[in-house]
2 protein chains.
Amino acid sequence: MTVTCRQIHLAARPVGEPKPSDFKLAEVELPEPGEGEVLVRNRWMSVDPYMRGRMNDTQSYVPSFQIDQPLQGGAIGEVVACADGSLEVGQPVLHMHGWREYALIPAGQAQPVDADAAPPQAYLGVLGMPGLTAYVGITDIAALKDGETVFVSGAAGAVGSVAGQIAKARGCTVIGSAGSPEKVAFVRDELGFDAAFDYHDGPAEQLAEAAPDGVDVYFDNVGGEHLEAAIGAMRDFGRIAMCGAISLYNATEIPPGPRNIVMAIPKRLTLKGFIISDHFDRMPDFVRDVGGWLRDGKIRYRETVVEGLDNAPDAFIGLLRGENIGKMLVKL
Amino acid sequence: MTVTCRQIHLAARPVGEPKPSDFKLAEVELPEPGEGEVLVRNRWMSVDPYMRGRMNDTQSYVPSFQIDQPLQGGAIGEVVACADGSLEVGQPVLHMHGWREYALIPAGQAQPVDADAAPPQAYLGVLGMPGLTAYVGITDIAALKDGETVFVSGAAGAVGSVAGQIAKARGCTVIGSAGSPEKVAFVRDELGFDAAFDYHDGPAEQLAEAAPDGVDVYFDNVGGEHLEAAIGAMRDFGRIAMCGAISLYNATEIPPGPRNIVMAIPKRLTLKGFIISDHFDRMPDFVRDVGGWLRDGKIRYRETVVEGLDNAPDAFIGLLRGENIGKMLVKL
């Protein structure tokens, strides 16, 4: 017995903003799982900003996606069949073979998740890679101390929303930037940030107003103008966790770097880039801390859900346009 | 009995490159040292790039110089008179009241130096603040590991020459940039760097050629185009010690920042600014290590000496133009 699997391939490498024609729906027939394999019916798939870089033909920390091959990314599904019985049929699992309705993969690549602790798709967001990214970035990379003043860009997104709330849970004053009045309200009223602003009105001026005494930590999801604004606002011995630069991912011309980078010397700043795959050893601490804050209601989350595999490219394009509040997910 | 002291005052805040008319020679009469005071006949004074920032009227980590007041900076002299006898007449001392022929200062601000271990002016260079800056920057801020590949800009200068030689003494491959063929030859042939190039021919291309496999550490004395070139050449997990940015000190327009700063994320780079006054606790280790390498001939140094207080402004202007090889000093 075989299953018909619909999946999204990369049709062309996007130039600038991805277009629907850069993606292609394909169908393949999958055989029954062979030795050591598991067949998973995917129910949720993640679209994440880092995927944009993988669509370019440049060497980076993860291999490029290949033309006419399926895209990849985090996904949650249920086990349909497992050759050696190591995973029960119906078990929810997390794996990296998203952008398709079924995944036929080595059983060792399917990680069981506890669906009693949280809805399974939370393992693609607050309890998954974005949440861990926020936790490691704010805790380890920025070396946050309780009570400091923190600025988070992309504060309504999957990573920024968690980073800011972790800081709030640790008694910090937290300022967020986001890309619409609706997002600003979400960040301030629902997530409990001390202040939030719409960056379209100029990040430097608004950050200076929200944090007149400066900030100790900046968690950067946006890059560009935001990074320059943050450097200008940093207090002495401030730390910048460089997590992402979504403002640049679709850029076709390289914008100028932060003109005030030299201020890192008199202010004794540290700027530190990181990628989450270096830090998977922090998973147990992350689950303990963020899981606990989630149970206590100190961390909240929201999801923006797009229905159907056919709409996955639009979900991804919309993510880069900032159309999501919280984690952008595709329900399959 | 009083002494007549000639000294250099700040006449005007420089705009762009300092001009001779920004400085003024003045004469004051100094009384005999009062209680707790010492009178020093200065023999050597230091001109350092950081002094340019102090000539601006901007808040920074050291107070601005004041118009019509004497400039300040490191100096070496001999005790002429000491009210309480805590310092012997003739004792060489280091203090921060340069730019003048005599200093009348609290005895506690005059630090005796060991003139048997090295010529006294070495305590303004290789064994002084520039040497300590190099040591802390390469050892602590850049967290150098033995055997790594290191790039040092301003490699013929007082700080860069020591930073690179420390890295050489620790078994590293060291590449230096400097501003003239003569300096390049000095860096390569006399200091023993593995490679050196004239940055006027383009730092990015030449760095890529000298270090085809990239660099682990960049010690930045120059900023601007050099910083961008280094970010482009950094290996994964590379560290950048941001010590100075002499290319910007006379700038009247803010040049663009490093366009490739976003590469700090996939490369997991750390950029860290520092100022040496935070690190005076490292002095004993510095004296032990760099003093030892100096005795063993593993660290060499050169001085560019300008004669006479009247020429101190020209020495400073020339320093910012890169007219020195090694430490720029004024002999009084």
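All of the numbers you see were taken from the coordinates with simple rules; none came from a lab. Not measured: the values here are computed from a predicted model. Cβ: placed from backbone, ideal geometry, glycine included. Neighbour counts: every protein chain shown.
Structure summary
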read-out	value
Cα-based Rg and Dmax for the protein assembly as shown, where Dmax is the largest Cα-Cα distance (Å)	29.7, 110
20 Å cut-off, amide nitrogen to a point 7 angstrom out along B:Tyr61 Cα→Cβ, residues in segment A:211-231	A:214-218, A:230-231
Anisotropy class of segment A:43-158 from Cα gyration tensor, a/c 1.5 cut	oblate
Inter-chain Cβ neighbour average for residues B:268-278, partner chain, 10 Å	6
As computed over segment B:198-315, the Cα convex hull volume per residue (Å³)	186 Å³
Relative contact order for chain B, counting Cα pairs under 8 Å that sit 6 or more residues apart, in percent	17 percent
Of B:Lys24/B:Lys331; A:Lys267/B:Lys183; B:Lys24/B:Lys183; B:Lys19/B:Lys183; B:Lys145/B:Lys272, pairs whose Cα-Cα distance is over 20 Å	A:Lys267/B:Lys183; B:Lys24/B:Lys183; B:Lys19/B:Lys183
Helical mean residue ellipticity (222 nm; -39500 (n - 2.57) per DSSP H run of 4+; nearest 500) of chain B	-6000 deg cm²/dmol
Chain B: antiparallel DSSP beta bridges as a percent of all, rounded to 5	55 percent
Estimated Rh, chain B: Kirkwood, alpha-carbon pairs, angstrom	20.5 Å
For segment B:116-238: Kirkwood Rh in Å [reciprocal of mean 1/r, alpha carbons]	14.1 Å
